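S.K.: For reference, the structure I am asking about is given below.
The values are calculated or read from the model by the stated rules, or taken from the named source; none is laboratory data. Every value quoted in this text rests on a predicted model; they were computed, and no experiment measured them. All Cβ positions, even for glycine, are placed from backbone atoms using ideal geometry, and neighbour counts span all protein chains on display.
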Amino acid sequence: MKKKLKTFLLSTLFSLIPTLLIWIPFFLRVKSVWGIPLPQNGMATIVANYDGPLFIVVAKSFYNPEIIKQLISFPLPTEYYAAHFPLFPLLIKPLALVFGFPYGMLFVTVITSILAVFFFHELISLYDKKNALWLTFFFSIFPARWLIVRSVGSAEPIFIASIIASIYYFKNKNYLLAGLWGALAQLTKSPGILLFISYLFAIFLPSVKKLGTQSFDKWLKFLKLKNYLPILLIPTALCGVFLFYRIRLNDFLAYFHSGDNIHLIFPPFQIFNYSAPWVGTFWLEEILFVYLIASLGVIKLWQQKRTSLFYFSLVFFISILFVSHRDLIRYSLPIVPFLITAFSETIVKKEFKLVTIMLILPIYLFSLAYISQNAMPIADWGPLL
C-alpha cells in the first residue's frame, strides 16, 4: 500500500509540475517568454483553448437544445455538441458548484492527467520495473501535444487514462475492471470502440489456428468466452450514449449528424489534401514521421509479443491513416503510451536521456506558443461561468 501511495505521489508530481509551469506565465500575465509574445488575458487564455468552452456548454446544458441557444453565441448548430461525449462534461458539473465551470473543467483535466501518468507507471512496470520512473517522467512531457492537452480543458487525459487502465487490467486478466475502464473510455470519446475491436482481435486471433485441429464447439470452450463478458460493457456504453442522444436530441445517430466532426475519410492519407477543410496547408512533412514512428512501434510490439498493446496500437494506427486533420498528433495520443513501451529499451539509454533533457525547453516553448494561439474568441464569459 505504501509503495502504491509513493507511486501515486510521484505520478502527481510528474503530471502537475509541467502543467503548473505552463500556467504560470499566463497567470502572471507575462508579456513574453524567450521572445515569444503571450496574450494578456491571464488564465482566460488557458480555459478558452479548444475545445474547452464547448465542453462547458455541454456541462451546463447537457445537450438540451433550448439551453444551448440561451447560453451561447458560438456560430455552431446545437447538433454540433453531440460530437462531445458526455463523461468529461458530467465530471465538470459537480466540481463547477465549487470552482465554477471554467476552473472545474481544469480541475478535472488535472486529476485525470494524474491518473493517466499513474496507470502508465503501473503498465510500464510490468515490462521494465527498473526504469519505470524515468519512462514515466518521459511520458509526462512527451510529446508536447500531450503536455498541452493536460494543461487546458480537454477530454484526452481521461480518455487516455481509461485506455491505459483498461489494457493494464486486461493484460492482468481482470476483465471486469478492463471492461469498466473501457466503458469509461467509450463514454469519453467515440474512438473508445476501437478498444473493444482490439480486444476481439486479442481474444480470437491467437487461437484461430486451433480451428484446423478441433471442432468449433471445442474451440469455443477453449476460449472460455464467459471470462470476457465484461468487455461487452464497452459497446454497451456506446449504445447508452446513443440512446441518451435519442432522448435528449431526438436522434439516436446524432453523433453522425453533428456536422464536420468525423474526420475519417477514404481512401487513406487524405491528410495530404491541402484543400481539405481541417488541413488547410501543404506544410505536412512531419506527418510522415508520425506514420514512421507509429508503424515501427506497432511492429516492435508484435516482435516483443506484447499482444494486448499490439492489437490496440495496430487498430488505432490503422484508423489514424484515414484521419484528415492537421492536428494528427492529438489524434495519435492514445497510442503514445504503448509506443513508449515499444521503444523503452532506446528511451532508457544515456544518450536518449541527454537528448530528452535538451528537449525540455523546446517542448515548453512550443507548448506556450501553441496554447497562446489556440484560444477561442469569447467576447462574453458570463454565460460560461
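S.K.: So, in the range 125-163, of the ones that are assigned to a helix (DSSP H, G or I) and of a type in the set (S, T, N, Q), which residue ends up surrounded by the fewest Cβ atoms within 10 Å (Cβ to Cβ)?
M.R.: For the range 125-163, the residue satisfying everything is 125.
S.K.: Which residue, of 288, 249, 243, 296, is in contact (Cβ under 8 Å) with a residue 60 or more places away in the chain and out of contact with any Lys or Arg (no Cβ under 9 Å at 6 or more places or on another chain)?
M.R.: 249
S.K.: Among residues belonging to the range 216-240 that are surrounded by fewer than 16 Cβ atoms within 10 Å (Cβ to Cβ), among the aliphatic types (A, V, I, L, M) and touching a residue at least 24 places away in the same chain (Cβ under 8 Å), point out the one that is nearest to residue 66 (Cα to Cα).
M.R.: Going residue by residue through the range 216-240, those that are surrounded by fewer than 16 Cβ atoms within 10 Å (Cβ to Cβ) are 216-218, 220-227, 229, 232, 236, 239-240.
If we keep only those that are among the aliphatic types (A, V, I, L, M) too, we end up with 220, 223, 225, 229, 232.
When the remaining residues are screened for being touching a residue at least 24 places away in the same chain (Cβ under 8 Å), the result is 229, 232.
Details: 229: 39, 232: 34 Å.
The selected residue is 232.
S.K.: On to the next question. Can you name the residue in the range 349-385 that is assigned to a loop (DSSP other than H, G, I, E, B) and under 22 Å from the mean Cα position of the chain (by Cα) and is also farthest from residue 57 (Cα to Cα) among such residues?
M.R.: 374
S.K.: With respect to residue 315, is the statement that it is more than 25 Å from residue 153 (Cβ to Cβ), surrounded by 20 or more Cβ atoms within 10 Å (Cβ to Cβ), not assigned by TED's automatic domain parsing to the domain that holds residue 78 and not small (Gly, Ala, Ser) true?
M.R.: In short, yes.
S.K.: Follow-up question, since we're still on this one. Would you point out which residue out of 7, 19 is under 21 Å from residue 121 (Cβ atoms) and under 21 Å from the mean Cα position of the chain (by Cα)?
M.R.: 19
S.K.: With the requirement that a residue be surrounded by 22 or more Cβ atoms within 10 Å (Cβ to Cβ) and among the basic types (Lys, Arg), what does the range 67-91 give you?
M.R.: Those that are surrounded by 22 or more Cβ atoms within 10 Å (Cβ to Cβ) and among the basic types (Lys, Arg): none in the range 67-91.
S.K.: Looking at (1) in a helix (DSSP H, G or I); (2) buried (at least 19 other Cβ atoms within 10 Å of the Cβ), which is the one condition that is false for residue 63?
M.R.: It fails just one condition, (1).
S.K.: Further question on the same structure: Tell me which of these residue 316 doesn't satisfy, since it passes every other one: (1) over 21 Å from residue 264 (Cβ atoms); (2) part of a helix (DSSP H, G or I).
M.R.: (1)
S.K.: Please enumerate the residues belonging to the range 278-297 that are over 23 Å from the mean Cα position of the chain (by Cα) and either within 29 Å of residue 77 (Cβ to Cβ) or in the same structural domain as residue 145 (by TED's automatic domain parsing) (or both). Lay out the reasoning, then the answer.
M.R.: Taking the range 278-297 as the starting set, the residues that turn out to be over 23 Å from the mean Cα position of the chain (by Cα) are 280-283, 285.
Correct list: 280, 281.
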